[in-house]
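What follows is one structure encoded as C-alpha cells, with my remarks underneath.
The values are calculated or read from the model by the stated rules, or taken from the named source; none is laboratory data. None of the values given here were measured: they were computed from a predicted structure. Note that each Cβ is placed from the backbone with ideal geometry, even for glycine, and that neighbours are counted across all protein chains shown. The area values use the complete protein model at the heavy-atom level, side chains included, leaving out ligands, DNA and RNA. Shrake-Rupley method; radii C 1.70, N 1.55, O 1.52, S 1.80 Å.
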Amino acid sequence: MRRTNAKSTWTALAVCLLFVLLMAALFLYLGDREEPQTPLPADDGITVHFIDVGQGDCAIVQTPDGNLLIDAGTPDSAQAIRRYADALGITEFAYAIFTHPHADHIGSAAALLEAYQFDRVILPNAVSTSKTFEHLLDALEKENCEMIEGKAGVGLTLGKLKIDLLAPVGAYEDLNDMSVVVLLTYDGGKFLFTGDAEAVSEADILKTASPDCDVLKVGHHGSSTSSSEAFLTAASPEIAVISVGEGNPYGHPHASIVKRLETCGAEIYRTDLCGSVVVSFDGENYTVTTEK
C-alpha cells in the first residue's frame, strides 16, 4: 500500500490556500477601482472630469493637445485621483491650476506633483500657514515647475484651448476671494471654474470681464456666500456642477443657491449625489455622464 507523505499534503494545501487568498485580494482591488467615465478619444474635443473627492474640488481637463489639473481635492484624495488619472492613461499635465491654498483644494497637490510631470503651475499670490501649503511649496521646489501667478488678465493657450484668468482682480483678506477663476474656451464651448470665490470677487469680475459660460463649476461648493444672483445671471450656465461631500457639516449646497441655479435654467449635477461627473463637448453638443 502506498503511503501519503503528510508533509507534502500540507505543503500542497498551503499553496492552494495562498492562491485563493491572492485571487480574492485581486478581486477586491479590481472591484474597488474608480473607473472614469467616457475617456476622451485622441482626436475629439474637450472632456472635463469633475472628480468626486468628497468635500473638496478636483477636475481633470482633457484635450487632444494636453491635460490640465484644476485643484487637487483633500489630503485624503490622492489615491482616488491617481486611480482616476491612471485609468485615463494620463502621465503628464501641461498645466496645474491650484485656485487657492485651502486644504480642500490643494490637499493632494504635493502627492500629484511627485507622481506626474507638470509643465506649468498656476497659483494666486496668496499664502497659508498650513502644513498642506508647506508640502505644496516643497514639492514645487523639488519638481522645479515653471510658475505662473494666477490673477485677472492672464491669458494662456494649449493648442485650440484658451485659458483666461478672470480673478483675483485685486488683493483680498479672505483666501476664498483670492481664488483663481478660470474660463476655458474650446471650439466655442465655455467652461468656468470659480474655486471658492465669493460675492466680493464675483462683483469685481463683473466690472472687468464677462463670466458667460456653458458649464459652471459652482463656487465654494454651493455656499450661500458665493453664486450671487448678478453673477449667475451674467454667467447663464446651461450645466452647473457642484463639487460637494455627502452629509457635509456646512449645509452645502445651500438651498437658496440650488433654487437660484434652477431659476437661471441650469441643469444641476452634484458629486454627493452623482459621484464623478464628466462633461464632454465635441464642438456642437455637450454630453454629460455620471458615476451613479
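Taking label points 7 Å from Cα along the Cα-to-Cβ direction, Gln79 and Thr289 give a separation of 2.5 nm.
For the chain, what is the calculated [θ] at 222 nm in deg cm²/dmol (nearest 500), taking -39500 (n - 2.57) for each run of four or more DSSP H residues and dividing by its residue count?
Values: 9 runs with 91 residues, N = 292.
Helices in the chain give a 222 nm mean residue ellipticity of -9000 deg cm²/dmol.
Whole-Hz Karplus values for the range 237-249 come out as x, 8, 10, 10, 10, 10, 8, 8, x, 5, x, 5, x Hz, taken residue by residue from phi with 6.51 cos²θ - 1.76 cosθ + 1.60 and θ = phi - 60°; glycine and proline positions read x.
Taking a ≥ b ≥ c as the square roots of the eigenvalues of the Cα gyration tensor, the range 47-155 is rounded, since a/c falls below 1.5.
Of the accessible area of the chain, computed with a 1.4 Å probe over protein heavy atoms only, carbon and sulfur atoms account for 52 percent.
Full extension of the chain segment joining Glu143 with Ser128 gains 3.4 nm, where the gain is 0.36 nm per residue of separation less the Cα-Cα distance. Values (1) 29, 23, 19; (2) 40, 21, 19; (3) 32, 23, 18 are given for comparison; semi-axes √(5λ) of the Cα gyration tensor in Å, derived from the coordinates here, is the one labelled (2). Between Ala255 and Lys207, what length in nm is gained on full extension when 0.36 nm per residue of separation is reduced by their alpha carbon distance? My answer for the length gained is 14.5 nm.
Bridgeable lysines around Lys151 (alpha carbons under 29 Å apart, same-chain partners fewer than 8 residues away excluded): Lys131, Lys142, Lys160, Lys162, Lys190, Lys207, Lys217.
When a/c is below 1.5 the answer is rounded, else prolate if a/b is larger than b/c, else oblate, so apply that to the range 191-292 with a ≥ b ≥ c taken from the square roots of the Cα gyration tensor eigenvalues. It is oblate, given that a/c is not under 1.5 and a/b is not larger than b/c. Using the Karplus relation 6.51 cos²θ - 1.76 cosθ + 1.60 with θ = phi - 60°, the per-residue 3J(HN,Hα) values for the range 192-206 come to 10, 10, 10, x, 10, 3, 10, 4, 5, 5, 4, 5, 5, 4, 5 Hz, with x marking Gly and Pro. Entry comment: accessible area of the range 93-250 is 39 Å² per residue, from protein heavy atoms only and a probe of 1.4 Å.
Rounded to whole numbers, the Karplus 3J(HN,Hα) couplings from phi for the range 277-292 are 10, 10, 10, 10, 9, 9, x, 9, 10, 9, 10, 10, 10, 10, 6, 10 Hz, using 6.51 cos²θ - 1.76 cosθ + 1.60 with θ = phi - 60°, and x at Gly and Pro. How would the range 113-160 be classified by its alpha-carbon gyration tensor: rounded, prolate or oblate, with rounded meaning a/c under 1.5 and the a/b versus b/c comparison settling the rest? Because a/c hits 1.5 or more and a/b fails to exceed b/c, the range 113-160 counts as oblate.
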